[in-house]
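Shown next, in structure tokens, is the structure this report addresses.
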């Protein structure tokens with residue numbers, strides 16, 4: 001092992017001796033990977049293929065003590081540090097160039113107490129790991145819609161999906177966390193311990209420490225829900241979206257319906273002549289008594305003249321994985337997102353115009369249906385601020401050929417700008433790409449100033465900056 005030059009917090013480099021690296025490795029149950037190690041490339045590869053960064057060192061953690069040692073090593077040497085959970089963050093913040101990457105993927109434990117309806121989850125677990133364990137006891141934690149997503153990043157950014165309207169955001173079900181702060185101290189944050197830190201972690205992203213364990217409240221659901229897809233010709237999209245909007249005005253909390261516009265993939269239930277043509281999907285999930293859900297789901301299914309309707313009873317874990325084939329790793333991805341309090345006629349016009357200009361077969365627009373229980377939490381109760389938004393737009397540019405980078409990114413940016421006049425102004429930080437650093441303050445709205453205060457208390461040197469960064473700035477200038 002040789003001495004290494006690693007990127008530091010000052011954007012320069014710091015020489016780290018071989019002896020210091022060996023000493024770090026000796027304190028771990030996990031392992032240290034260097035660029036010459038066979039496992040290095042796999043460890044640094046994440047979901048978005050646009051991200052190709054090379055950390056100087058990777059610490060693969062086996063437990064909380066490893067995280068403590070890694071954070072202390074980074075802090076003592078003032079190294080640039082990144083944290084990897086699931087590696088799905090669109091901005092690619094899980095990996096840094098030249099610095100220290102803390103890899104949490106080996107920490108995958110999920111433990112459920114069915115009596116108290118609680119789960120203890122380590123940060124390397126995916127949504128599939130959580131769903132399989134909780135559904136074994138007919139319990140659920142509201143999370144996202146892609147089962148390979150990591151629970152850590154999803155939770156710290158807020159977390160919403162098919163069951164959010166009934167059970168709230170992921171952070172609304174968070175009871176406590178164990179977190180390693182920037183000084184290398186492992187603390188418990190909860191409503192009674194480090195309360196300001198707990199508040200900030202519920203939506204403030206990875207700004208405040210490395211979470212080594214999450215404690216969640218669970219909810220009764222499963223093993224089946226009524227869910228599925230209704231597929232419409234894109235020519236009918238303006239009319240369908242207006243009726244969709246109207247149907248959701250009186251939707252019960254149990255009902256969630258997302259709209260997706262894209263070119264049709266070769267789904268087995270779609271006639272072959274529709275493959276590759278623009279379509280509108282209504283993705284429906286009713287997480288309650290199937291008989292009670294018959295009327296609200298029927299209203300959505302009766303809209304227009306669909307090409308296909310495959311809504312029915314399905315195992316919840318299966319529905320959670322329904323979109324996985326469209327979100328596999330290895331593609332190049334760029335996202336833009338807005339929150340909307342309503343889906344206005346003008347917004348519908350902007351969205352449908354953009355679909356007519358899709359730059360590739362994997363590009364799509366998601367309209368996430370939220371509100372319900374998540375909308376009845378006070379804005380100031382958690383760091384996650386956008387409680388009045390009823391819809392979340394994700395402009396998902398996705399392609400394979402690097403030569404298509406400019407075309408696909410420009411398409412997403414044009415749509416984002418065209419929709420901006422009708423948006424709420426907030427944003428879901430987990431959907432923000434790396435070029436939106438200047439949007440972080442607006443994304444948090446009135447909660448931003450309190451986040452800065454918590455950041456200044458727990459991470460004054462901004463050790464944890466590989467995120468949608470809340471900088472520990474002073475009132476009258478940079479710290």
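Throughout, read-outs are computed from the coordinates displayed, never taken from laboratory work. Everything numeric here is computed off the predicted structure, so don't read it as measured data. Here Cβ is always computed from backbone atoms with ideal geometry, including for glycine, and neighbour counts include all displayed protein chains.
With a bin width of 10 angstrom, please list the P(r) values of the stretch 110-220 as percents of all Cα-Cα pairs, from the 0 bin to the one holding the largest distance. Computed distribution, short to long bins: 16, 52, 28, 4. Taking the C-alpha atoms only, the angle from helix 448-458 to the longest principal axis of the chain is near 30 degrees.
The reciprocal of the average 1/r between distinct C-alpha atoms defines the Kirkwood hydrodynamic radius, which for the stretch 214-286 equals 14.2 Å. The C-alpha atoms of the chain define a longest principal axis, and helix 405-419 lies at about 60 degrees to it.
Here the relative contact order of the chain, from alpha carbon pairs under 8 Å that lie six or more residues apart, stands at 15 percent. Remark: 285, 363 ranked as 363, 285, counting other beta-carbon atoms within 10 Å and listing the fewest first. Taking the chain as the reference, fit the longest principal axis to its C-alpha atoms, fit the long axis of helix 345-355 to the helix C-alpha atoms, and give the angle between the two in degrees, 0 to 90, nearest 10. Helix 345-355 sits roughly 70 degrees off the main axis of the chain.
Quick check: from the Cα gyration tensor, does the stretch 334-479 come out rounded (a/c under 1.5), prolate or oblate? Note, shape of the stretch 334-479 comes out oblate. The relative contact order of the stretch 66-110 comes to 37 percent, based on Cα pairs under 8 Å that sit 6 or more residues apart.
With Kirkwood's inverse mean 1/r over C-alpha pairs for Rh, give me the Rg to Rh ratio of the stretch 240-396, two decimals please.
We get a ratio of 0.95 for the stretch 240-396.
For the stretch 4-103, the calculated P(r) over all alpha carbon pairs, in 10 Å bins from 0 to the bin holding the longest distance, is 17, 53, 28, 2 percent.
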